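The values are calculated or read from the model by the stated rules, or taken from the named source; none is laboratory data. Computed from a predicted structure; not experimentally measured. Here Cβ is always computed from backbone atoms with ideal geometry, including for glycine, and neighbour counts include all displayed protein chains.
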Amino acid sequence: MSSASLPKLALGFDYGLRQVGVAVGQGITHQARELCVLKAQDGIPNWQQVADLLKEWQPDVLVVGLPLNMDGTISEMSKRAEKFARRLHGRFQIPVYTHDERLTSVEAKGRYAFQGHQGDYHKVPVDALAAALMLESWLSQFSLLRE
């Protein structure tokens, strides 16, 4: 399939109960970068902030990280992330996908530790980097499925 069927721009979300990491990625390059971390209360973000991001970036698709258990089974957080994905689609009518995000937060913390951070992860956007890692994985997999 041609690269025209790839999403040009995607926003990725690393869902959490207290915060949601957000990243932006390009379908052509399969690269993503962290944007921000949105505060959430019991998993509910400020929907106006989400709307503002969507208006600013105008993504073709949204991708929500699915925190599966290490054995691949659904967790309680997976169910909540899926509910968040459904709410995104219901509110904004943009295609929403979910994607396995196992170990992205661990990798993000490892990258920051390599840069010299020593557990001060509240000072760096770990959740946004985790969203970028998950989004890059989704973009690569989406591209392979379309070839």
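Restricting region 4-14 to residues that are touching a strand residue (DSSP E or B) at 6+ places or on another chain (Cβ under 7 Å) and buried (at least 17 other Cβ atoms within 10 Å of the Cβ), the residue that is farthest from F84 (Cα to Cα) is P7. Answer yes or no: is there a residue in region 97-110 that is β-branched (V, I, T), farther than 12 Å from F13 by Cα and modelled with pLDDT under 60. Scanning region 97-110, I find at least one residue that is β-branched (V, I, T), farther than 12 Å from F13 by Cα and modelled with pLDDT under 60, so the answer is yes.
For region 54-66, a residue qualifies if it is of a type in the set (D, E) and either without any contact (Cβ under 8 Å) to a residue 24 or more places away in the chain or in a helix (DSSP H, G or I) (or both), and exactly one does: E56.
Of all residues in region 67-82, those that are closer than 14 Å to T98 by Cα and touching a residue at least 40 places away in the same chain (Cβ under 8 Å) have Cβ atoms under 8 Å from Cβ atoms of residues that are β-branched (V, I, T) and not in a loop (DSSP other than H, G, I, E, B), 6 or more apart or on another chain, in A81/V64; A81/T98. Within region 28-83, the set of residues being surrounded by 16 or more Cβ atoms within 10 Å (Cβ to Cβ) and among the basic types (K, R) comprises just one member, R80. Residues in region 15-47 that are part of a loop (DSSP other than H, G, I, E, B) and either under 17 Å from A85 (Cα atoms) or touching a residue at least 12 places away in the same chain (Cβ under 8 Å) (or both): 10 in all.
Against the list (1) part of a strand (DSSP E or B); (2) modelled with pLDDT of 95 or more, the condition A51 fails is (1). Could you please let me know if S137 is at pLDDT below 90 and over 20 Å from A51 (Cβ atoms)? It is true that S137 is at pLDDT below 90 and over 20 Å from A51 (Cβ atoms). Scanning region 117-134 for residues that are more than 17 Å from A32 (Cβ to Cβ) and either at pLDDT 85 or above or in a helix (DSSP H, G or I) (or both) gives Y121, H122, K123. The combined condition, being under 19 Å from S140 (Cβ atoms) and either buried (at least 20 other Cβ atoms within 10 Å of the Cβ) or not hydroxyl-bearing (S, T, Y) (or both), is not fulfilled by Q19.
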